[in-house]
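Since the structure comes first, as structure tokens, the remarks are kept for the end.
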Amino acid sequence: MANKEMYTLGSQSSVIRELFSYGQEQAAKVGKENVFDFSIGNPTVPAPACIRESIAEIMATRESAAIHGYTAASGDTAVRQGLAQYMNDTYDAHVKADNFYMTCGAAASLTITLKAIVEAPEDEVLVIAPFFPEYTVFIENAGAHAVILPPDTEHFQISLENLEKAITPHTRAIIVNSPNNPAGTVYSADTYTKMADILTKKSAEIGHAIYLISDEPYREIIYDGLPILYVPKFYANTIVCYSYSKSLSLPGERIGYILVPDSVSDKDVYPAVCGAGRAMGFVCAPHLFQDVVLKCLGQTSDMNIYDENRKLLYNGLEEMGYDCVYPQGAFYLFVKSPEPDANAFSEKAKALNLLIVPADSFGCPGYVRISYCVEADMIKRSFPAFKKLIEQYT
Ligand code: PLP
């Protein structure tokens, strides 16, 4: 007998994956150039040159075991030292190697962190709609309950009033994702300050710390000169979950980290992260890519390409009459469905070979997500289909 919950998770594919597969089938029938696939968040901008160069240098100059052997369970010490130095220089973070645990990307960062802090079956973890759908899977896997804060469809910021109301004696953590998938919004310093006040007050009231899990795979994909904020500066009990999947276009290499700063009040959290990594078999993140990201600290893929796509798509769709959330970061445009049922809207789009994702699974019915990590040329070629689609509603 297989585990029923795992069977269900493994046999149901997500709406995004289904659309992506449909796109591939459709491309074989009608030609790749006639399918406009905006479904998935797979970075299209190439990894920066330093990735290829670092790999070549490492391969040419090191012995096999120094390339492919195990590192320490938490990651190579020199890598973690380099990371600490970089975070100190860039964000004045006051961290050291032993605040970092190297992981296989943000998904591992999140599952390990949740496992490390969830204690009892009644524990609750707050997520703010719209949210990355895997959060509920990760939270339930850690043995806690996901509590969903309804979306603030006016500004797509965090409704602080709803946050305060949602906190109970069982609240263990809140997951915050900025720049946000799917809304493309970025939380301001003011939002973090106010959120920190609420979390501090409520932690005192309920008698234990509420952790802020800052999920930051899009940290550097930010536009209009907005500042990148170091979240532990606003709230001491912050645990940062990072990934190089998007910033360096390396999603297939599975590399990221967890940062537990010294400001986290319970000194058992970092050892618990190490324990959770061990229990879940996530020790020793890919060695070669630990060394590669060390050599590429501070580099990113060319963010101007995403910025140009963003402007092209946002301006193009607004002009046609679509109601779009102005994207400040990440590479997603969030659009209000012109009919209440975003699934029906997405089906009409599909009939025009436009693949856009209804946001019900992101906790935000009535909206769709359009991923613009695609070729600019495809965005331009898709405009007649977007026009035909909106004309069905006017
Ligand atoms: N968190 C968010 C908000 C994401 O959008 C993603 C991937 O798209 C992840 C986490 C998982 O990232 P990774 O591929 O690094 O595991």
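The values are calculated or read from the model by the stated rules, or taken from the named source; none is laboratory data. Everything quoted here is computed from the prediction, not taken from an experiment. Cβ coordinates were reconstructed from backbone atoms using ideal geometry, including for glycine residues, and neighbour counts include every protein chain displayed. Protein only, heavy atoms only, side chains kept; ligands, DNA and RNA dropped before computing areas. Shrake-Rupley method; radii C 1.70, N 1.55, O 1.52, S 1.80 Å.
Which entries in Lys202/Lys233; Lys29/Lys388; Lys115/Lys311; Lys115/Lys336; Lys32/Lys336 show an alpha-carbon gap greater than 29 Å?
Details: Lys202/Lys233 19 Å; Lys29/Lys388 21 Å; Lys115/Lys311 39 Å; Lys115/Lys336 35 Å; Lys32/Lys336 27 Å.
Pairs exceeding 29 Å: Lys115/Lys311; Lys115/Lys336.
Protein heavy-atom accessible surface, 1.4 Å probe, per residue over the chain: 43 Å². For the stretch 227-243, 3J(HN,Hα) computed residue by residue from phi via the Karplus equation (6.51, -1.76, 1.60; θ = phi - 60°) reads x, 8, 9, 9, 4, x, 5, 8, 9, 4, 8, 9, 10, 9, 10, 10, 8 Hz, glycine and proline entered as x. Calculate how steeply helix 303-320 sits against the longest principal axis of the alpha-carbon atoms of the chain, using the helix alpha-carbon long axis, and give the answer as 0 to 90 degrees to the nearest 10. Computed tilt is about 40 degrees. Based on the Kirkwood approach, the hydrodynamic radius assigned to the stretch 1-119 is 19.2 Å, with every pair of different Cα atoms included.
The long axis of helix 15-30 is offset from the longest Cα principal axis of the chain by roughly 50 degrees.
If you restrict to DSSP beta bridges whose two residues both lie in the chain, what percentage is antiparallel, to the nearest 5? Let's see the in-between values first.
Numbers: 19 of 39 bridges.
The antiparallel proportion sits near 50 percent.
Full extension of the segment from Asp341 to Asp266, taken as 0.36 nm per residue of separation minus the current Cα-Cα distance, would add 22.5 nm. Near Val357: Cβ cut-off under 13 Å, other residues only, Lys/Arg at +1 and Asp/Glu at -1. The net charge is -1. For the stretch 101-217, the calculated P(r) over all alpha carbon pairs, in 10 Å bins from 0 to the bin holding the longest distance, is 13, 48, 34, 4 percent. Taken one residue at a time, the phi angles of the stretch 378-394 give Karplus couplings (6.51, -1.76, 1.60, θ = phi - 60°) of 5, 4, 4, 5, 7, 4, x, 5, 4, 5, 4, 5, 6, 5, 5, 10, 10 Hz. Gly and Pro are set to x.
Evaluate the charge dipole of the stretch 18-106 about its Cα centre and quote only its size in Debye, nearest 20, assuming +1 on the Cβ of each Lys and Arg and -1 on the Cβ of each Asp and Glu. Write down the numbers at each step before the final one.
Details: 6 positive and 11 negative charges, 21 e Å.
The dipole magnitude comes to about 100 debye.
A 1.4 Å probe over all protein chains sorts Phe334, Phe282 by accessible area into Phe282, Phe334, starting with the largest.
Against the chain, whose longest principal axis is taken from its Cα atoms, helix 342-351 shows a tilt of about 60°.
Stokes-Einstein, applied to the Kirkwood radius of the chain over Cα pairs at a viscosity of 1.306 mPa s and 10 °C, places its translational diffusion at 72 µm² s⁻¹. Of the GluC sites (Glu not before Pro) found in the stretch 1-80, those in coil by DSSP whose Cβ has at most 10 other Cβ atoms within 10 Å are Glu63.
Could you compute the net charge surrounding Met102? Neighbours are other residues with a C-beta less than 14 Å from the C-beta of Met102; K and R count +1, D and E count -1.
Charge balance near Met102 sits at -1.
So for the chain, averaging the separation of alpha carbon pairs under 8 Å that are six or more residues apart and normalising by length, what relative contact order in percent results?
On the way: 724 pairs, mean separation 93.8, N = 394.
Over the chain, the number comes to 24 percent.
Among the protein heavy atoms of the chain, carbon and sulfur supply 52% of the accessible surface, probe 1.4 Å, non-protein parts ignored.
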